[in-house]
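To keep things clear, I will list the structure first and then write my remarks on it.
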Amino acid sequence: MGATVELPSSTLDAATWDRAHDRLVEDLRDLIRIPSINPPPAEAPDGERRVADWLAAALADAGIPSEVLELVPGRGSVFARLRGDGTGGGPLLLLSHLDVVPAPSEQWTHDPFSGDVADGYVWGRGAVDMKNLLTMELAVVRLLADEARAAGRNPATDPIPGLTRDLLFASTADEEAGGLNGIGWVVLERPELLQADAAINESGAVATTFAGRRFYPIGVAEKGYAVYRVTVHGAWGHGSMPRNDNAAVRAAEAVTRLAVQGPPRVTPVMRTFLGGLADELDGDQARLLRALASDDPRLGEAALDGICEPVPARVIRALLRDTVSPTIIHAGVKYNVIPGEAIVEIDCRVLPGTTEEAMREAVVARLGPELASHLDVDLVIHAPAVGAPTDTELYRLMERTIVDHDPDGIPLPFMVPFATDAKHTAALDIPTYGFSPLRLDPDERFMERFHGVDERVGIDALRWGLPVLYDVVRRFCG
Ligand SMILES: [Zn+2]
């Protein structure tokens, strides 16, 4: 694919791209081989620090100084800055997280920390989430530093030729557990390491083929969350004499009611996304998508399974409502003791516009007054939904650059159902976009690879993505 893709605004020659791509693949393999698992396992608690040190060494090798912060021993985050001449505005932030979720290896085809290359893929935990984009961001930084040196400049101190804004590189620990030991701390204590006019982050611009057309959903919003602990009260008693106020029985009823999802609500970003999909399709599919994007999406939703595979259908349903997933149930101390108390924890994901108070009211309403009178609902943690505007220069450049590199590609603004570090950059008012450009084959099941078995990324997809990311950076900072 690489040889045939035109690079409209890239000034780099084909040999440079080939070298950058080969290095990208080797870097990704090296990074996968450092298990930066979160939560850190007792036998190797310093994986995040080792990745941060690896990145600092790679940056130093390119002539770029960096700073490694270690808020908690073993958990490193790394920060660097390339200078522009300042005439174009505030910095652009290339953001990533360097931790990964655990990967029990039994079901994997290749060891999850081998970084194996096979069948056109780089395999391993982090290949998708998100050492792929981390490595691409490093590659862009390195290319720019190389250009500075080729022009006789020192990338540590001099502006990069043609760069009118600073470019920040930040790769942080602990995203997979909320980021408080990584970017959350930096936002509070060292915001200057992140402060930028805009940020590029994970979760977006990955090609998704639907009805034969190739879409690139760019992340412009993500849902918020509210986690509640429901303490269910009952009466203790002897297991030989059943009673209706058994807390485990009440908890079971609560879980059953909470697991029924609420009505759909179409947010502006989903209206644009679904309408944009419909505009590219025809017939039943277009009609159903328009129904989904309407004020009453229920008819469209009922027909969703007829036009969609199960995974995208589940994603779309989650993006059309505030969701509730019961995830933890605890009750009982012994088989012959009726429990007088039970704990249920629920993971609620809220749309833009739903407050924590409104979510809590919905939970209580779903339980009903009688059951609700026997329990307490306590908030564990909450973060609102976040979003970035689409009427910005950076968003338009991302759309245009995708089309320049894939003339059949259709970029659309998209919301993700989960949370990323964009929750933290929102505290600094940095519009943060999910933009991890990959051109995938139509049958790729990319969404299933996040935190999944046999996580892997296509080498040709990376080859396409690197010049796209480079061009977006060059165009926004040029
Ligand atoms: Zn991630």
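The values are calculated or read from the model by the stated rules, or taken from the named source; none is laboratory data. Since the structure is predicted, the reported quantities are computational estimates derived from the model, not experimental observations. All Cβ positions, glycine included, derive from the backbone under ideal geometry; neighbour counts span all protein chains shown. Side chains are part of the model used for accessible areas, which takes the heavy atoms of the whole protein and leaves out ligands, DNA and RNA. Shrake-Rupley method; radii C 1.70, N 1.55, O 1.52, S 1.80 Å.
Couple of notes before you dig in:
- Amide H contacts under 5 Å for Ile410, placed H, 5+ residues apart: Arg214, Phe215, Tyr216
- Rolling a 1.4 angstrom probe over the chain with all protein chains present gives an accessible area of which 53% lies on carbon and sulfur atoms.
- Ordering Ala293, Pro411, Trp108 by Cα displacement along the dipole of the chain toward the positive end leaves Ala293 in first place; charges were set at the Cβ atoms of Lys, Arg (+1) and Asp, Glu (-1).
- Within the range 25-58, GluC sites (Glu not before Pro) in DSSP loop having at most 13 other beta-carbon neighbours inside 10 Å: Glu43
- Counting only DSSP beta bridges with both residues in the range 85-217, the antiparallel share comes to about 35 percent.
- Under 5 Å, built H, 5+ apart or other chain: amide partners of Leu438: Val206, Ala207
- Each helix, a run of at least 4 DSSP H residues, gives -39500 (n - 2.57); summed and divided by the residues of the chain, these come to -10500 deg cm²/dmol at 222 nm.
- Once the Cα-Cα distance is subtracted from the 0.36 nm per residue extended length, the Ala118 to Glu448 segment shows a gain of 116.9 nm.
- Rounded to the nearest 20 debye, dipole of the range 113-164 from Cβ charges on Lys, Arg, Asp, Glu: 160 debye
- HN-Hα J in Hz across the range 441-457 - Karplus 6.51, -1.76, 1.60, θ = phi - 60°, x for Gly and Pro: 5, x, 8, 5, 10, 5, 4, 6, 7, 4, 6, x, 7, 6, 4, 6, 10
- Cβ-Cβ distance of Thr11 and Ala427, R₀ of 25 Å, FRET efficiency by 1/(1 + (r/R0)^6): the value works out to about 0.10.
- Dipole of the chain [Lys/Arg +1, Asp/Glu -1 at C-beta], most positive-end residue of Ile183, Ser240, Ala52: Ser240
- Sequence-distant residues sharing a close amide H with Ala199 (under 5 Å, placed H): Leu93, Thr432, Tyr433
- Cα gyration tensor shape of the range 237-302, rounded if a/c is under 1.5, else prolate or oblate by comparing a/b with b/c: prolate
- Full extension of the chain segment joining Arg314 with Leu379 gains 20.8 nm, where the gain is 0.36 nm per residue of separation less the Cα-Cα distance.
- Loop-located trypsin sites (Lys or Arg not before Pro) across the range 265-341 with a Cβ neighbour count of 16 or fewer within 10 Å are Arg265, Lys334, with loop assigned by DSSP.
- Whether the chain is rounded, prolate or oblate, judged on the alpha carbon gyration tensor where a/c under 1.5 counts as rounded: prolate
- Take the Cα of Glu106, step 7 Å toward its Cβ, do the same at Ile328, and the gap between the two points is 2.4 nm.
- Vicinal HN-Hα couplings computed from phi for the range 226-233 (Karplus, 6.51 cos²θ - 1.76 cosθ + 1.60; Hz; Gly/Pro x): 9, 9, 10, 9, 9, 9, 9, 9
- Summed over the residues of the range 112-259 and divided among them, the accessible surface reaches 33 Å² per residue at a probe radius of 1.4 Å.
- Gained length - Asp85 relative to Asp158, 0.36 nm times residue gap less alpha-carbon distance: 25.4 nm
- Given charges at beta-carbon only (K, R positive; D, E negative), |dipole| of the chain in Debye: 640 debye
- If you plug the beta carbon distance of Arg33 and Val337 into 1/(1 + (r/R0)^6) with R0 = 45 Å, you get a FRET efficiency near 0.35.
- Glu70-Ala259 FRET efficiency (beta carbon distance; Förster radius 56 Å; 0.05 resolution): 0.85
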